[in-house]
Amino acid sequence: MTAGMGAARQRTERLSPDAGGIVRAAEILRAGGLVAFPTETVYGLGADATDRAAVLRLYEAKGRPAFNPLIAHLPSTEAALAEGRFDDRAARLARAFWPGPLTLVVPAAPESPICDLARSGLDSVGLRVPAHAIARALLVALGRPVAAPSANRSGHVSPTTAEHVLADLAGRIDAVLDGGPTAVGLESTIVACLDGPVRVLRPGGLAIDGIGATIGAPGWHGDEGPESAPLSPGRLASHYAPRARVRLGANRIEPGEAALLFGSFRPAGLEDARAVLNLSEAADLWEAAANLFAHLRALDATGAALIAAVPVPEEGLGIAINDRLRRAATAR
Ligand code: TXA
Ligand code: MG
């Protein structure tokens, strides 16, 4: 635990996402405070990325090691392009997929005001232009880059509602803008455009199939699969862990286990499950992604010692879903 973890509890304002709420949220950020806000992927915990003290507070509130860099959020593609050095491949990806669930890791622009602490001292920077209207309104109102990791305590499941944020961070942050459940439900896909081939550092809410097509085959190594790529500093194996243990590819449910289903498959022993939730009855991977973290939290809350997840197809968004399930399953 860092020194700040024991800091006195504070009141966390719950802001509605109207004009007044946006103004208040921007005011808190400008004063160096911490505001959680919805993006189309998951809720982020925002701090002014140009304010070293605010970013330090953010690491402390999350209980996150400061060697794990933060994504800087910008209100427009033009604004984001000014924060990094975009080669041809990076520029094409930015124009094709921003605003949206894509984070690009590029060399930081020397003139960028994003502080070194937000980048964990790296020469590169993770940049994202979210599509969510509330996120964009907040970024426009502040007029500065916002550093925002997922708004959960470090190592917990990412939040897809304001309630999830408060369950982890109430009393540790200044406010949360409540925009209801997020649409995508998985964190952004992270793609590094540094020296050498373009690499997927984290599969996520942007299915990676379209990336190779956008930049052309040369210089694209995403088809080797995310496992072959160098990991983001923060891709610790046990990230996204619920309290319960998670068992993958379950074809039968043992008595007392919580069951996480997908589609119409019904594993043996289901009738003795402690609780059952289906990511998507219709076997729709988009719906499954949107439900994943909320269902993991809900099954965890039943007190079951083990969550048994049936197989999810390894295609499209299923690649990111399986990535998160695998990491939730990694024993701590
Ligand atoms: O959808 C998302 O990406 C959400 C929303 C709020 O934007 N944010 C999010 O942030 O998931 P976080 O901090 O939970 O995950 C960001 C990941 C971390 O694993 C971090 O190591 C990696 O991005 N990252 C950030 N900057 C990087 C850099 N310069 N090089 C490599 N990895 C980087
Ligand atoms: Mg996170």
Notebook entry, point to check: Quick one: is Gly196 farther than 30 Å from Val23 by Cβ and without any contact (Cβ under 8 Å) to a residue 24 or more places away in the chain?
Noted result: yes
Next item on the list: Collect the residues in the range 33-51 that are away from ligand 2 (no atom under 15 Å from the Cβ) and either touching a Pro at 6+ places or on another chain (Cβ under 7 Å) or at pLDDT below 95 (or both), keeping them in residue-number order.
Entry: Glu40, Ala49, Thr50
Check: Can you tell me which residues in the range 84-118 are closer than 15 Å to Leu194 by Cβ and either outside any helix (DSSP H, G or I) or among the β-branched types (Val, Ile, Thr) (or both)?
Finding: Gly84, Arg85, Phe86, Asp87, Thr103, Leu104, Val105, Val106, Pro107, Ala108, Ala109
Margin query: Just to be sure before I move on: is Pro107 at pLDDT 95 or above, surrounded by fewer than 21 Cβ atoms within 10 Å (Cβ to Cβ) and farther than 30 Å from Gly180 by Cβ in the structure I sent?
Written below: yes
Item checked: Checklist (1) farther than 25 Å from Thr12 by Cα; (2) in contact (Cβ under 8 Å) with a residue 24 or more places away in the chain applied to Thr39, failing item -> (1)
Note to self: For the structure I just gave you, tell me whether Gly126 is crowded, with 24+ Cβ neighbours inside 10 Å, of a type outside the set (Phe, Trp, Tyr), at positive phi and modelled with pLDDT of 95 or more.
What the structure shows: no
Margin query: Taking the criterion of being closer than 15 Å to Gly204 by Cα and among the aromatic types (Phe, Trp, Tyr), would at least one residue in the range 265-280 satisfy it?
Written below: no
Notebook entry, point to check: Given the residues Ala237, Ala213, Ala207, Ala250, which is the only one that is in a loop (DSSP other than H, G, I, E, B), more than 16 Å from ligand 2 (Cβ to nearest atom), of a type in the set (Gly, Ala, Ser) and modelled with pLDDT under 90?
Noted result: Ala207
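Kindly check whether there is at least one residue in the range 157-167 that is more than 16 Å from ligand 2 (Cβ to nearest atom) and assigned to a loop (DSSP other than H, G, I, E, B). So that I can check it myself, show each step before the final result.
Initial filter on the range 157-167 (more than 16 Å from ligand 2 (Cβ to nearest atom)): 162-163, 166.
With the extra rule that they be assigned to a loop (DSSP other than H, G, I, E, B), the set shrinks to none.
Looking for residues that are more than 16 Å from ligand 2 (Cβ to nearest atom) and assigned to a loop (DSSP other than H, G, I, E, B), one finds none in the range 157-167, hence no.
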Notebook entry, point to check: Of all residues in the range 122-146, how many are over 29 Å from Ala289 (Cβ atoms), under 21 Å from the mean Cα position of the chain (by Cα) and free of Cβ contacts under 8 Å to residues at least 24 places away in the same chain?
Noted result: 0
Notebook entry, point to check: Does Leu279 satisfy being within 20 Å of the chain's Cα centre (by Cα), aliphatic (A, V, I, L, M) and buried (at least 20 other Cβ atoms within 10 Å of the Cβ)?
Noted result: yes
Notebook entry, point to check: Can you tell which of Leu166, Leu102, Leu127, Leu138 is touching a Leu at 6+ places or on another chain (Cβ under 8 Å) and more than 10 Å from ligand 1 (Cβ to nearest atom)?
Noted result: Leu138
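The values are calculated or read from the model by the stated rules, or taken from the named source; none is laboratory data. A quick note: this is a predicted structure, and the numbers were derived from the prediction, not measured. Don't worry about glycine lacking a Cβ; one is built from the backbone with ideal geometry, like all the others, and counts go over all protein chains shown.
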